[in-house]
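Report on the structure given below.
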Amino acid sequence: MNPTGNTILITGGGSGIGAALAHRLHDAGNTVIVTGRRQAALDETIAGRDRMHAATLDVDDPAAIEDFARRIVADHPALNVLVNNAGIMKLEDAATRRDLTDAEATIVTNLLGPIRLTNALVDHLATQPGSAIVNLTSGLAFVPLTAAPTYSATKAAIHSYTVSLRRVLAGKVEVIEIAPPGVQTTLTPGQETRPGYMPLDAFADEVMALWTDDLESGEILVERVRPLRNAEADHRFAETVVQLNETAERARRGG
């Protein structure tokens with residue numbers, strides 16, 4: 001994927017990583033469309049920027065996704081890049097029987113949402129020059145946070161789905177995975193200022209520095225996430241699970 005001259009759709013573009021990447025991709029010379037549930041947040045993302053557009057979408061609604069895909073292709077026929085970024089994260093205690101409402105919502109948003117939107121747009125993308133699908137996963141796809149087991153599982157699933165897409169779409173659509181570490185966003189309460197998490201601007205800047213048109217691995221990995229991404233290959237998986245979860249627990253307690 002050439003980092004400039006594209007028409008890019010970013011889900012979850014009203015805040016956090018989605019908004020930060022939207023601004024940087026726009027600065028790099030792309031037309032950018034941000035989508036999400038809240039129009040006010042989307043309007044804030046695009047404020048004062050030509051070639052940025054906003055359109056609301058609830059990625060939990062299959063019918064809305066199909067209608068949205070038809071409208072966005074009609075309005076922006078040059079659309080050639082989809083960035084699946086929208087996601088939610090809920091802390092859960094899987095040690096006891098519990099209400100699974102949060103777990104089920106996480107699966108719908110984080111897993112079914114990207115699969116459905118990709119499915120709705122893949123035929124169009126395959127006809128476009130320089131096309132790409134970019135999936136945001138997480139370092140937790142490789143080493144789970146046990147306080148967020150469903151979130152971690154959905155990111156592992158999207159990692160696997162991305163690998164499959166990369167193979168079946170080879171020669172038609174480039175498929176890229178961005179796996180963030182813990183980043184200072186509003187994904188969970190208190191995370192925006194939590195010590196030890198990567199500042200959002202630093203993360204977005206490093207991603208853009210790594211985003212080149214000869215991305216051989218198909219993965220964009222900032223330095224902070226590599227210990228998680230490589231834990232199993234480096235035979236450090238068991239100890240990394242313990243270390244990650246102990247560190248995260250201390251951070252949540254403010255220790």
- Message: Looking only at the range 118-142, count every residue that is part of a loop (DSSP other than H, G, I, E, B), β-branched (Val, Ile, Thr) and more than 18 Å from Thr106 (Cα to Cα) and tell me the total.
- Response: 1
- Message: Please verify whether Ala251 is without any contact (Cβ under 8 Å) to a residue 12 or more places away in the chain and surrounded by fewer than 18 Cβ atoms within 10 Å (Cβ to Cβ), treating the condition exactly as stated.
- Response: no
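Regarding Arg194, is this residue in contact with a helix residue (DSSP H, G or I) (Cβ under 7 Å, 6 or more places away or on another chain) and either within 18 Å of Met1 (Cβ to Cβ) or surrounded by 14 or more Cβ atoms within 10 Å (Cβ to Cβ) (or both)? Before the answer, list the steps.
On the way: in contact with a helix residue (DSSP H, G or I) (Cβ under 7 Å, 6 or more places away or on another chain): yes; either within 18 Å of Met1 (Cβ to Cβ) or surrounded by 14 or more Cβ atoms within 10 Å (Cβ to Cβ) (or both): yes.
So Arg194 passes the test.
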- Message: If I ask for residues that are free of Cβ contacts under 8 Å to residues at least 12 places away in the same chain and either closer than 17 Å to Val134 by Cβ or touching a Gly at 6+ places or on another chain (Cβ under 8 Å) (or both), which ones from the range 164-213 would you list?
- Response: Ser164, Arg167, Val168, Ala170, Gln191, Ala209
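Across the range 163-190, what is the total count of residues that are out of contact with any helix residue (DSSP H, G or I) (no Cβ under 9 Å at 6 or more places or on another chain) and either surrounded by 15 or more Cβ atoms within 10 Å (Cβ to Cβ) or not in a loop (DSSP other than H, G, I, E, B) (or both)?
Pass one, the range 163-190, residues out of contact with any helix residue (DSSP H, G or I) (no Cβ under 9 Å at 6 or more places or on another chain): 163-164, 166-168, 170-171, 189.
Subsequent filtering for residues that are either surrounded by 15 or more Cβ atoms within 10 Å (Cβ to Cβ) or not in a loop (DSSP other than H, G, I, E, B) (or both) retains 163-164, 166-168.
Summing the residues that are out of contact with any helix residue (DSSP H, G or I) (no Cβ under 9 Å at 6 or more places or on another chain) and either surrounded by 15 or more Cβ atoms within 10 Å (Cβ to Cβ) or not in a loop (DSSP other than H, G, I, E, B) (or both) in the range 163-190 gives 5.
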- Note on the structure: Quick count over the range 211-239, residues being surrounded by 11 or more Cβ atoms within 10 Å (Cβ to Cβ), within 23 Å of the chain's Cα centre (by Cα) and not small (Gly, Ala, Ser), is 15
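Looking at Thr7, Thr11, which one is within 18 Å of the chain's Cα centre (by Cα), among the polar types (S, T, N, Q), crowded, with 21+ Cβ neighbours inside 10 Å and under 30 Å from Glu216 (Cβ atoms)? Show your work before the answer.
Numbers: Thr7 fails: crowded, with 21+ Cβ neighbours inside 10 Å.
Answer to the check: Thr11.
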- Task: Those residues that are more than 17 Å from Ser131 (Cβ to Cβ) and either assigned to a strand (DSSP E or B) or in contact with a Pro (Cβ under 7 Å, 6 or more places away or on another chain) (or both), I need them from the range 6-27; list them, please.
- Result: Ile17
- Query: If we scan the range 129-141, do we find a residue that is in contact (Cβ under 8 Å) with a residue 12 or more places away in the chain, on the phi < 0 side of the Ramachandran plot and surrounded by fewer than 20 Cβ atoms within 10 Å (Cβ to Cβ)?
  - Reply: yes
- Among the candidates Gly29, Gly36, residue that is surrounded by 14 or more Cβ atoms within 10 Å (Cβ to Cβ), modelled with pLDDT of 95 or more and not aromatic (Phe, Trp, Tyr): Gly36
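The values are calculated or read from the model by the stated rules, or taken from the named source; none is laboratory data. Just so you know, these numbers come straight off a predicted model, no measurement behind them. All Cβ positions, glycine included, derive from the backbone under ideal geometry; neighbour counts span all protein chains shown.
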